[in-house]
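> Quick one: this structure, given as structure tokens, is what I'll be asking you about.
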Amino acid sequence: MMLKFFLPLFILICCTSFSPTETKLALCNITVKATGINNAKGIMEFALYNNSKVFPEVGKTYRLIRKKVSSKEVSVTFVNVPVGKYAACIYHDVNSNNNCDKNFFGIPTEGYGFSNNIRPVFSAPSFEDCAIYVKADRVVSIKLIY
């Protein structure tokens, strides 16, 4: 008697737990290309953010890639990134000191740039200004500002 009750219940639980229709989080690749490099030396830092509250704070990136500069264009690919909204910022660390050097007024003295090629006026741009929505593999080109 108990078997007649528990067997169908067990089968129902197993069938719903391992349903093939379960959706998985889609993953994409974001390739960021730095263009307009005026000096083929040093390191290019590519920072990817997914949180508007910390953009573009140093050390609070979603992902970060540093790559040696050996030509006038440098690209990196952030792999397996979930579908969503992101913003990228890059800088050319010409002297490889792991800092974006700035002048007395806080303006970078090394090349830098933001997704959507936003050119800041008095302060860093907002996450929303730089935001790109990624739902498939995507290439983002950023022209450096010197």
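What follows is calculated from the coordinates using simple rules that are stated; it is not laboratory data. Worth saying up front: this structure is predicted, and the values here are computed from it rather than measured. Here the Cβ positions follow ideal geometry from the backbone for every residue, glycine too, while neighbour counts run over all protein chains shown.
> Does segment 41-146 come out rounded, prolate or oblate, given a ≥ b ≥ c as the square roots of the eigenvalues of its C-alpha gyration tensor, rounded meaning a/c under 1.5 and, failing that, prolate meaning a/b above b/c?
Taking the square roots of the gyration eigenvalues as a ≥ b ≥ c, segment 41-146 is oblate.
> Grab the other residues whose beta carbon is less than 10 angstrom from that of residue 47, score K and R as +1, D and E as -1, and report the net.
+1
> May I pose another question? At what distance in nm do the modelled label points of residue 136 and residue 102 sit from each other, each positioned 7 Å from its Cα along Cα→Cβ?
3.9 nm
> On a 23 Å Cα-Cα criterion, which of the cross-link pairs 67/102; 72/135; 33/67; 33/135; 41/135 come out too long?
Result: 72/135; 41/135 exceed 23 Å.
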